[in-house]
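One structure is given below, encoded as structure tokens.
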Amino acid sequence: MDKIGRVGFWWCVSGVAASFLHLLNLSSFLVTFTSLALLSCTVCFLLASLTVETVGKTVLITGCDSGFGYALALHLDALGMGVVACCLDAEGDGGQQLREKGSSRLHVLQLDITSGSQLTQALDKVKEILGPHGVLWGLVNNAAITTYGAVEWVTMDTYRKVCDVNLFGSINVTKIFLPLIRKAKGRVVTMGSARGRIASPLGSVYEVTKFALEAFNDCLRMEMKPFGVKVAMIEPGNFTAGTKIFTEAIVQRYGEQMWEAMDDEVKETYGKHFYDNNLLKQTKISKSGNPDVSQVLVVLTEALTHVYPQARYNPMDFKLYFIMFVATHFPEWIADFVFDQLVVKQTW
């Protein structure tokens, strides 16, 4: 969708320019539009084909126990890049499999991104891995957790826990490793979400963190321009089935805990039937989405290796891209109507 979006934008620009010149009787609309459209497409694809040399460059990735982080670590290793794969449990299944499948360029590191002491230890270890001549070219903020619930259902402790990982954890990791990235004039890539652009019922606890990361990334991108550091945001669609971030077990366990923590007035207002019905829908969502994460790996690689990376990448299907476009550019009443028709009535 990213390349289609870029081409579509420049075609619109070409159409406006051709119309203006035609109104001034300076040129034929068809000839001008065709020429400008072909030129813009050529330039777009030419710039997208330019890549940096990856040999000798190392990328640090958080959240490599499973999902996008795990797959990206192996993918970049196969491309010949150095990889520091940070896992919440370095001795768990994900960490062990990375050691078995990866080459000597892939290093598995223990890192809870909410732990200041582990971050300090990770920085020292990365410097040791890099040695005197290595460079930390890329940082991929991927570690995240998620849950669900209406605003009145979710405890403040849950909001804080999710924010500590998804938002403050990512910010802290960035601040810790940014001096090394800045020195290399490298890349900071953050895993956002379509849900950082689209709000949804029962989604506030996760979505507030992704909306906030959008702002953080935009600020960082502008601040890093003078230093030659490129900053990108990845906004995947629904790949729930391809990751372990939101499983049926998580839905059931958290659903029971959330109901128990709710006060009697809220329970009575919503009712157990309504609550259980939404829990079943969340279970359905936990099994939905694209199980193949290769589309996400492609854009992550582009963000890390293209000479001119985009500020945002949108690996998602056309339906979600359309919903996100409307939510971003249209009045709320139109965005809500589109969301109700294309998501709520089909899912809820």
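For the chain, the membrane-span-like helix rule (DSSP H, alpha carbon extent of at least 30 Å along the helix axis, mean Kyte-Doolittle at least 0.0) picks out 2-23; this says nothing about an actual membrane. Across segment 1-120, Cα-Cα pairs farther apart than 17 Å form 67% of the total. Annotation: amide H-H contacts under 5 Å for Leu109 (H modelled 1.01 Å from N, sequence separation of 5 or more, or interchain): Ala85, Cys86, Cys87.
Peptides 274-282, 224-232, 45-53, 180-188 ordered by packing proxy, namely the average of other Cβ atoms within 10 Å per residue, highest first: 180-188, 224-232, 274-282, 45-53. The calculated pair-distance distribution of segment 44-196 uses every alpha carbon pair, bins of 5 angstrom beginning at 0, and gives 2, 9, 18, 21, 20, 14, 8, 5, 3, 1, 0 percent.
The magnitude of the dipole of the chain, with charges of +1 and -1 set on the Cβ of Lys/Arg and Asp/Glu and taken from the Cα centre, is near 1320 debye. Ordered by the count of other Cβ atoms within 10 Å of each Cβ, fewest first, Cys64, Cys44 give Cys44, Cys64. Largest mean-square fluctuation among Glu256, Glu332, Glu265, in a Gaussian network model of the chain whose springs join Cα atoms under 10 Å apart, belongs to Glu265. With both residues required to sit in the chain, DSSP beta bridges show an antiparallel share near 5%. Once the dipole of segment 86-230 is set up with Lys and Arg at +1 and Asp and Glu at -1 on Cβ about the Cα centre, which of Thr190, Ser115, Pro201 lies farthest towards its positive end? Among Thr190, Ser115, Pro201, the one farthest towards the positive end of the dipole of segment 86-230 is Thr190.
Note on the chain: with a GNM built from Cα contacts shorter than 10 Å, the maximum mean-square fluctuation among Trp153, Trp333, Trp137 falls on Trp333. Compactness of the chain, taken as the C-alpha radius of gyration over 2.2 N^0.38 Å, stands at 1.10.
Shape annotation for segment 251-342: C-alpha extents along the principal axes are 57, 33, 20 Å, from largest to smallest. Between Thr34 and Asp340, full extension at 0.36 nm per residue minus the direct alpha carbon distance yields a gain of 106.3 nm.
Calculated from the alpha-carbon coordinates, segment 132-249 shows an Rg and a Dmax of 15.5, 53 Å respectively.
No lab work stands behind these numbers, since they all come straight from the coordinates. Predicted model only: the values in this text are computed from it and were never measured. Virtual Cβ from ideal backbone geometry, glycine too; neighbours counted across all protein chains shown.
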